[in-house]
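K.L.:
Before I ask anything, here is the structure I am working with.
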Amino acid sequence: MVGTVGGDCQALNATMRGVVKGLCNTYKDVEIYGFLEGYKGLIRNNYKLLKAEDFSGILTKGGTILGSSRQPFKLMGVPTDDGIDKVKAMKETYKKLKLDCLVVLGGNGSQKTANLLSEEGLNVIGLPKTIDNDLWGTDMTFGFQSAVDIATAAIDCIHTTAASHNRVFIVEIMGHKVGHITLHAGIAGGADVILLPEIPYDIKSVCKALDKRSEQGKGFSIIAVAEGAISKEDAALPKKKRKEKIANRPYPSVAYEIADQIKDTCGCEVRVTVPGHTQRGGGPDAYDRVLSSRFGAYAAGLIKDEKYGRLVVLKDNDVTDIPLADSAGKLKYVSPDDSIVQNARALGISFGDE
């Protein structure tokens, strides 16, 4: 009945707990099937019959007690290596277990598949999970704030060593296509430059911001870089050529490329820090525990009302729902016109674009 799909995050267990507690407080007898490793378990008929007690004590536990796996939406129509029709197999598992509803905890691609299964006739409810906060239709996804807290802590720690040695430090933060984590952590951590996928940068503008700080007598600078940050030069390339150039980049990641460019252009001493998957790890923070509990309780109410094909979302701090189809396939990007970006510019933060 429940499955955690795609990349992991800190509040998956807390959200499942919210769903189960909501159902158990409504119904006397509830059968809960947990699919192991997300859609892979649904495809392979690999599941556990769980009890309410299995969800006790997991509010603060990171990761997922069911495991997860990535099953890209674009490959859902492609058979597995041993010839299994994925969609057909998922439908057969659902019918075999006589499920009332499938609750999918996942991000953009996972909810696209959830919508596909809904269109195939299954009762599905989606819960918005992703550290990137890029799922269209919801103001907030669970996992985002916890990831921001960790990324911010990384920037905080870098500040002291950067100040001690008068260096430029680049902190590379998760976010291939969208920069919400980098934007929020950059502001919270007092970064001087923030580089996002949605706002292509010019290395000369980045160096201009660094030189300005030096002229003000500030011996160090912090640059928060999303892993999907892109230069204006690369952004102007056709999509295919841009992908080829990035794939053949002679650097581990964009942060190292930017570091070399800054050294060559400004002559600064630069160091790179990559928190990486620590941003997905650990337990959920207080905000995500509350949000996940609210999402889970609301999903239980949708099941009670037999209101399926819906995605639970947060709008203006109210938990509500929208059709899965409305969100499927859409990303929520950072816009250069967003008030938070304008607020950051007013604070003197450079986005390397002017």
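The values are calculated or read from the model by the stated rules, or taken from the named source; none is laboratory data. What you see is a predicted model; the values in this text were computed from it and never measured. Counting neighbours? That spans all protein chains shown, and the Cβs are built from the backbone with ideal geometry, glycine included. SASA here: full protein model, heavy atoms, side chains in, ligands and nucleic acids out. Shrake-Rupley method; radii C 1.70, N 1.55, O 1.52, S 1.80 Å.
K.L.:
Specify the inter-centroid distance of the stretch 50-125 and the stretch 262-299, based on alpha-carbon positions, in whole Å.
P.N.:
Result: 26 Å between the Cα centres.
K.L.:
Shifting gears a bit: Got a sec? Which residues in the stretch 226-266 would a label at Lys177 touch, if it sits 7 Å along Cα→Cβ and we count backbone N under 16 Å?
P.N.:
227-230, 239-240, 243
K.L.:
Right, something else. Amide H neighbours of Lys129 under 5 Å, at least 5 residues apart or on other chains, H built in the peptide plane: list them.
P.N.:
Gly106, Gly107
K.L.:
Here are some pairs, Lys61/Lys315; Lys204/Lys243; Lys112/Lys239; Lys86/Lys129; Lys51/Lys177; Lys204/Lys240; which of them have Cα atoms lying more than 32 Å apart in this structure? Mind dumping the intermediate values first?
P.N.:
Working: Lys61/Lys315 26 Å; Lys204/Lys243 23 Å; Lys112/Lys239 23 Å; Lys86/Lys129 22 Å; Lys51/Lys177 38 Å; Lys204/Lys240 26 Å.
From Lys61/Lys315; Lys204/Lys243; Lys112/Lys239; Lys86/Lys129; Lys51/Lys177; Lys204/Lys240, over 32 Å: Lys51/Lys177.
K.L.:
Cα-based Rg of the stretch 1-157 per 2.2 N^0.38 Å, rounded to two decimals?
P.N.:
Working: Rg = 15.8 Å, N = 157, 2.2 N^0.38 = 15.0 Å.
That works out to 1.05 for the stretch 1-157.
K.L.:
So what are the ³J(HN,Hα) numbers for the stretch 117-132, from phi and the Karplus equation (6.51, -1.76, 1.60; θ = phi - 60°), rounded to whole Hz, Gly and Pro as x?
P.N.:
With the stated coefficients, the stretch 117-132 comes to 5, 5, 5, 7, x, 8, 7, 10, 10, x, 10, x, 10, 4, 5, 7 Hz.
K.L.:
Here's another thing I want to ask about it. At a Förster distance of 35 Å, what's the computed FRET efficiency of Thr60 paired with Lys263, Cβ-Cβ distance as r, to 0.05? Write down the numbers at each step before the final one.
P.N.:
Numbers: r = 43 Å, r/R0 = 1.23.
Efficiency at R0 = 35 Å is approximately 0.20.
K.L.:
Which one, Pro72, Leu99, Thr113, is farthest towards the positive end of the dipole of the stretch 58-135 when Lys and Arg carry +1 and Asp and Glu -1 on their Cβ?
P.N.:
The listed residue farthest towards the positive side: Leu99.
K.L.:
Counting only helical runs of four or more DSSP H residues, what would the 222 nm mean residue ellipticity of the chain come to if each run contributes -39,500 (n - 2.57) and the total is spread over all its residues? If you can, show how the numbers build up before the last one.
P.N.:
Values: 13 runs with 143 residues, N = 354.
Result for the chain, helices only: -12000 deg cm²/dmol.
K.L.:
Then there is this: What angle, in degrees between 0 and 90 and rounded to the nearest 10, separates the Cα long axis of helix 286-304 from the longest principal axis of the Cα atoms of the chain?
P.N.:
Once rounded, one gets 30 degrees.
K.L.:
Further question on the same structure: First measure r as the distance between the Cβ atoms of Cys24 and Lys218, then evaluate 1/(1 + (r/R0)^6) with R0 = 35 Å and state the FRET efficiency to the nearest 0.05. Don't jump to the answer; show the numbers that get you there.
P.N.:
Working: r = 56 Å, r/R0 = 1.60.
Calculated value: 0.05.
K.L.:
Sort out for me the Cα centre separation of the stretch 192-226 from the stretch 309-354, rounded to whole Å.
P.N.:
Taking the Cα centre of each part, the stretch 192-226 and the stretch 309-354 sit 24 Å apart.
K.L.:
Using a 1.4 angstrom probe on the protein heavy atoms only, could you order Asp338, Asp29, Asp82 from most to least accessible area? Walk me through the numbers before you get to the answer.
P.N.:
Working: Asp338 55, Asp29 130, Asp82 95 Å².
Result, largest first: Asp29, Asp82, Asp338.
K.L.:
Starting from the Cα-Cα distance between Lys315 and Ala163, subtract it from 0.36 nm times their residue separation and give me the gain in nm to one decimal. Write out the running numbers ahead of the final one.
P.N.:
On the way: separation 152, 0.36 × 152 = 54.72 nm, distance 4.03 nm.
Stretched out fully, the Lys315 to Ala163 stretch lengthens by 50.7 nm.
K.L.:
Using the eigenvalues of the Cα gyration tensor, what equivalent ellipsoid semi-axes result for the stretch 185-338 when each is taken as the square root of five times the eigenvalue, whole Å, largest first?
P.N.:
39, 20, 14
K.L.:
As a test question: what accessible area, to the nearest 10 Å², does Cys207 have when a 1.4 Å probe is rolled over all protein chains in place?
P.N.:
10 Å²
K.L.:
Per residue, how big is the convex hull around the C-alpha atoms of the chain? Give it to me in cubic angstrom, could you? Don't jump to the answer; show the numbers that get you there.
P.N.:
Numbers: hull volume 48.6 nm³, N = 354.
That works out to 137 Å³ per residue.
K.L.:
Further question: To the nearest 20 debye, what is the magnitude of the charge dipole of the stretch 229-354 about its Cα centre, counting +1 on the Cβ of each Lys and Arg and -1 on the Cβ of each Asp and Glu?
P.N.:
Numbers: 20 positive and 19 negative charges, 101 e Å.
Charge dipole, the stretch 229-354, about its Cα centre: 480 debye, nearest 20.
K.L.:
Taking θ = phi - 60°, what integer Hz values does the Karplus form 6.51 cos²θ - 1.76 cosθ + 1.60 yield along the stretch 173-182, in sequence order, with x for Gly and Pro?
P.N.:
The phi angles translate into 10, 4, x, 6, 10, 10, x, 4, 5, 4 Hz.
K.L.:
For Ile170, list long-range residues whose amide hydrogen, built 1.01 Å from N in the peptide plane, is under 5 Å from its own amide hydrogen.
P.N.:
Ile223, Arg271, Val272, Thr273
K.L.:
Please compute the contact order of the chain in relative form: average sequence separation of alpha-carbon pairs under 8 Å and at least six residues apart, divided by the residue count, as a percent. Could you put the intermediate results ahead of the total?
P.N.:
Values: 748 pairs, mean separation 86.4, N = 354.
Relative contact order of the chain: 24 percent.
K.L.:
Enter the angle in degrees (range 0 to 90, nearest 10) between the Cα long axis of helix 254-266 and the first principal axis of the Cα atoms of the chain, meaning the one along which they spread out most.
P.N.:
10 degrees
K.L.:
Here is a follow-up. Suppose R0 equals 35 Å; then what is the FRET efficiency for Gln342 and His277 from their Cβ-Cβ distance, rounded to the nearest 0.05? The partial results should precede the final answer.
P.N.:
Numbers: r = 32 Å, r/R0 = 0.91.
About 0.65, to the nearest 0.05.
K.L.:
Shifting gears a bit: What ³J(HN,Hα) values, in whole Hz, does the Karplus curve 6.51 cos²θ - 1.76 cosθ + 1.60 give for the stretch 199-206 when θ = phi - 60°, with x put for Gly and Pro?
P.N.:
Computed from phi, the couplings for the stretch 199-206 are 10, x, 9, 10, 4, 5, 5, 4 Hz.
K.L.:
What percent does the relative contact order of the stretch 283-354 come to when contacts are Cα pairs within less than 8 Å and at least six residues apart?
P.N.:
Values: 34 pairs, mean separation 12.1, N = 72.
It rounds to 17 percent for the stretch 283-354.
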